[in-house]
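Written below as structure tokens is the structure these notes are about.
The values are calculated or read from the model by the stated rules, or taken from the named source; none is laboratory data. Predicted model only: the values in this text are computed from it and were never measured. Neighbour counts are summed over all protein chains in view; Cβ atoms, including those assigned to glycine, are modelled from backbone coordinates with ideal geometry. Just so you know, the surface numbers come from the protein's heavy atoms only, side chains and all, with ligands and any DNA or RNA stripped out. Shrake-Rupley method; radii C 1.70, N 1.55, O 1.52, S 1.80 Å.
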Amino acid sequence: MDKSIVLKYDVDGNDFSLAGEASSSVKKVLLSLGFDPEIIRKVSIALYEGEMNMVIHANGGVITVEISPEEIHMLLEDTGPGIEDIELAMQEGYSTASDKVRELGFGAGMGLSNMKKYSDVFIITSEVNKGTRVEMVVKNKQ
Amino acid sequence: MTTKDLEKALGLVKIAGGDTVKEVSGMYICDLLSLVMSKARQNCAWITVQTNINIVAVAHLADISCIIIPEGIAVDNNTIVKANDEGILIYQSQKTSYELAVEFSKL
């Protein structure tokens, strides 16, 4: 693998049955490229949490993943309601998910903290009523 | 131990996953998907009362060997279809999560 590969996904915010499709697809690509299982696990967890946040809170969005031999770069952009207090949202256990979503097993309030924990670079910016942008990098073992 | 050994030892009923056989090296019980994603170890058998389609993606992404639905809880049909597509094993049991874990610990 010499060049980088760019994958782009439109995440449907209305369909819970499709949730996780982008993350699953990225995992399959990384497996086929022979990445280390631990690297794939980090990307899978971080990206799935981000994808679910888009479905649960932002009515979908766009995920762009760039895979190079050095790192996996993930960009998640949505035009959802935004996050008023990022510091509060980052706290484990804090969630604004609805009861309906909680019944499905989501809303543990661990999404953002898992994303930070399993990525080597985590940058989040958000503007109320405009949307949220999350950039995550998982570095490959050299 | 393989999922086939586990199926036999715990008297599980396979409802999805076809002929897939995977290694099993532990067990994890939880219904909060974010916790499962970050805490379930690779190749574990996961017991959950969640039966919606999202458990298939979680099992795939977290490298979980099989899902066990306890207490005879019915599983959504679209979950079964998706699990068959992805080769994710789902078992059902009439036993409680606790009973399954106790039996597993004796294997």
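Numbers at a glance
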{"read-out": "Pairs with Cβ under 7 Å, 6+ apart, first in the range A:11-36 and within 19 Å of A:Ile67 (Cβ to Cβ) and more than 10 Å from every other protein chain (Cβ to nearest Cβ), second of a type in the set (Gly, Ala, Ser) and outside any loop (DSSP other than H, G, I, E, B)", "value": "A:Val11/A:Ala22; A:Val11/A:Gly60; A:Val11/A:Gly61"}
{"read-out": "Residue within the range A:26-42 that is surrounded by fewer than 16 Cβ atoms within 10 Å (Cβ to Cβ) and within 15 Å of the chain's Cα centre (by Cα) present", "value": "no"}
{"read-out": "Residue, nearest to the other protein chains (Cβ to nearest Cβ), within the range A:115-128, restricted to residues that are assigned to a loop (DSSP other than H, G, I, E, B) and out of contact with any strand residue (DSSP E or B) (no Cβ under 6 Å at 6 or more places or on another chain)", "value": "A:Tyr118"}
{"read-out": "Members of the range A:114-131 found to be open to solvent by less than 20 Å² (accessible area, probe 1.4 Å) and small (Gly, Ala, Ser), listed by number", "value": "A:Ser119, A:Gly131"}
{"read-out": "Hits in the range B:81-107 - residues which are under 28 Å from A:Glu49 (Cα atoms) and in contact with a helix residue (DSSP H, G or I) (Cβ under 9 Å, 6 or more places away or on another chain)", "value": "B:Lys82, B:Ala83, B:Asp85, B:Glu86, B:Gly87, B:Ile88, B:Leu89, B:Ile90, B:Tyr91"}
{"read-out": "Among the candidates A:Tyr48, A:Tyr9, residue that is among the aromatic types (Phe, Trp, Tyr) and either over 11 Å from the mean Cα position of the chain (by Cα) or not in a helix (DSSP H, G or I) (or both)", "value": "A:Tyr9"}
{"read-out": "Out of B:Ser38, B:Ser25, B:Ser65, sole residue that is of a type in the set (Gly, Ala, Ser), open to solvent by 20 Å² or more (accessible area, probe 1.4 Å) and either at the interface with another protein chain (Cβ under 10 Å from one of its Cβ atoms) or within 23 Å of A:Lys27 (Cα to Cα) (or both)", "value": "B:Ser25"}
{"read-out": "Every residue from the range A:84-114 that is under 17 Å from A:Leu47 (Cα atoms) and either in a loop (DSSP other than H, G, I, E, B) or in contact (Cβ under 8 Å) with a residue 40 or more places away in the chain (or both)", "value": "A:Phe106, A:Gly107, A:Ala108, A:Gly109, A:Met110, A:Gly111, A:Leu112, A:Asn114"}
{"read-out": "Residues satisfying the stated conditions in the range B:68-102, i.e. more than 30 Å from A:Leu47 (Cα to Cα) and crowded, with 16+ Cβ neighbours inside 10 Å", "value": "B:Ser93, B:Lys95, B:Leu100, B:Ala101"}
